[in-house]
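Novice: This is the structure I have questions about; it appears just below.
Only the coordinates and a few stated rules stand behind these numbers; no lab work does. Small disclaimer: the values here were computed from a predicted structure and weren't measured. Because the Cβ atoms are built from the backbone with ideal geometry, glycine has one as well, and the counts that use them run over all protein chains shown.
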Amino acid sequence: MFNLMLRPLKYLGVALLLTVVSTLAYAQQEIKIGVIYPLTGAAASTGAELKNALELAADVINNGAKGVSGLPFAGGGGLSGLKGAKIKLIFADHQGNPQVGATEAERLITQEKVVALVGCYFSNVTATASQVAERYKVPFLNPESSSATLTQRGFKWFFRTTAHDDLFVHNFFAFFKDLEAKRKIRVSRVALFNENTLWGNETTKLETKLTSESGISVTKAITYPAKSTQLTSEVQTLKAGNPQVVMQSSYLGDAILAMKTYKELGFSPDMILANNAGFTDTEFIKTIGKDADFVITREVWALDLANRNPLIKQVNDLYSARYKMNFTGNSSRTFTGLMVLADAINRAASTEPEAIRKALSETNIPGNQLIMPWKGVKFDETGQNTLSSGILVQIIDGKYTTVWPFDLASHEVVWPMPKWDQRK
């Protein structure tokens, strides 16, 4: 009889042991997320910064962040909705090549079995890689690519946290109006100088449309081959057009080359108004030093906005302590992108693609939980975050300083840029 009574207890003990083992195994589970960025080639330094931002975000989620309050997951412990499962990032290098990006997306999905993808900085690579994700029905979170058409394709599995070029370029023209109203400076002649991939070409179209609507004449409109090794003839053409402002879209290598060529040829417009990318990469100022001063570029993040949002400084301090540099608009967006994706996976409490997609579509993160100066993150039916926004910063004494919107500005706009031979 005693033995008979022990048998149910034995089976119960086995069942409990199996449950504990199962729970522990689940608690140790790694959530694999594929990330696709330019880790080699002309934009390798940018890719390295984005990789750093992603690794910091994963570390915050998995292990917490001391001294940071108000940021989701700052307490660490992994994803509570999945019993403490940890984020594991699987990196892939697209080399700046759209076809390589597509191939790597397929490899990450079919071989690495990732539950979602993050990438790809270059808009033209994001376009091809996200097509693969759409075909396989895997969520794709895009933190930085700004080509407006990316969210106009009717995709179900694509989500973008950053604002896009339609907003950013409109901001340029709103800035022109505010500049005239506040400083009596009227911009009437601009030149367009953009690289010729998806991002640059779409920007040129929109800038052409808005200059026409604003009564601003375009003295020259030049698209040049991305990754150019010389821009002498293009800059000579720009100079001949005598614009007040050059509106420029360039990745890092081209941005540096353009600035060096401007100086060599003595080309000094009143202002260079840049469309982010290479002009906000850490290597830009590091490479050309004081010659970077006075350029204005559109941005989404600036350290001087920390007086309005303490999270900006708290998380930037983590990044700076680890990597000996500050966030940029690029790396801060990438950090935010992974945090948003992790939030969705956590709420989904599942690694099933459809559950993650549904959770992403229901995202509603308030601005005070972000390091971005946005109202929050909330996606519309196209996958576009409707609460993101942009600012303009000017490089002053080697630092990016917010100058627009004027009510957020920490420094008045320096206009015009000093001529090359008048700089100290």
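Novice: Work out, step by step, the length gained on full extension between H170 and S80: first 0.36 nm times the residue separation, then minus their alpha carbon distance; give nm to one decimal.
Specialist: Between H170 and S80, full extension yields an extra 28.3 nm.
Novice: I would also like to ask the following. Angle, helix 310-323 long axis vs. longest principal axis of the chain, Cα atoms, 0 to 90°, nearest 10?
Specialist: 90
Novice: How far, in nm, would the chain grow between N242 and T208 when pulled straight, counting 0.36 nm per residue and subtracting the alpha carbon separation?
Specialist: Length gained, N242 through T208: 10.5 nm.
Novice: Is any residue of segment 390-424 close enough, with backbone N under 11 Å, to a label point placed 7 angstrom from the Cα of D270 along the Cα-Cβ axis, and if so, which?
Specialist: 415-417, by backbone N distance to the label point.
Novice: Could you work out how far apart the two model spin labels at R183 and N368 are, taking each label as a point 7 Å from the Cα in the direction of the beta carbon, and quote it in nm?
Specialist: Reported label-point gap for R183 and N368 is 3.4 nm.
Novice: Give, rounded to the nearest 20 debye, the magnitude of the charge dipole that segment 220-333 has about its Cα centre when Lys and Arg contribute +1 at Cβ and Asp and Glu contribute -1 at Cβ.
Specialist: With only Lys, Arg, Asp and Glu charged at Cβ, the dipole is about 200 debye.
Novice: On C-alpha positions alone, give me the angle between the axis of helix 2-27 and the longest principal axis of the chain, in degrees, nearest 10.
Specialist: The helix 2-27 is inclined about 10 degrees to the chain.
Novice: Which entries of K156/K375; K182/K239; K209/K324; K290/K313; K205/K263 have Cα-Cα distances beyond 32 Å here?
Specialist: Values: K156/K375 24 Å; K182/K239 28 Å; K209/K324 42 Å; K290/K313 25 Å; K205/K263 28 Å.
The answer is K209/K324.
Novice: Next up: Would you work out the charge dipole size for the chain about its Cα centre, treating the Cβ of every Lys and Arg as +1 and the Cβ of every Asp and Glu as -1, and quote it to the nearest 20 debye?
Specialist: 640
Novice: On each of the three principal axes of the Cα atoms of the chain, give max minus min coordinate, whole Å, ordered largest first.
Specialist: 103, 42, 35
Novice: Between S361 and T229, what length comes free when the chain is fully extended (0.36 nm per residue of separation minus the Cα-Cα distance, one decimal in nm)?
Specialist: 43.3 nm
Novice: A further question follows. Of the peptides 108-120, 74-86, how do they stack up when ordered by the mean number of other Cβ atoms within 10 Å, highest first? Write out the running numbers ahead of the final one.
Specialist: On the way: 108-120: 21.9, 74-86: 17.3.
Packing order, densest peptide first, comes out as 108-120, 74-86.
Novice: Right, here's the next one. Whose amide H sits under 5 Å from the amide H of T401, counting only residues 5 or more places off or on another chain, with H placed in the peptide plane?
Specialist: Counting only residues 5 or more places away or on other chains, the set is Q394, I395, I396.
Novice: Sequence gap at least 6, Cα distance under 8 Å: using those rules, report the relative contact order of the chain to the nearest whole percent.
Specialist: Here the relative contact order equals 16 percent.
Novice: Nearest-5 percent of antiparallel DSSP beta bridges in the chain?
Specialist: The antiparallel proportion sits near 25 percent.
Novice: From the backbone phi of segment 417-424, what are the Karplus-calculated ³J(HN,Hα) couplings (6.51 cos²θ - 1.76 cosθ + 1.60, θ = phi - 60°) in whole Hz, Gly and Pro given as x?
Specialist: Taking θ as phi minus 60°, the curve returns 5, x, 4, 4, 7, 9, 7, 6 Hz for segment 417-424.
Novice: Could the peptides 297-307, 170-180 be put in order, highest first, of the mean number of other beta-carbon atoms found within 10 Å of their residues?
Specialist: Final packing ranking: 297-307, 170-180.
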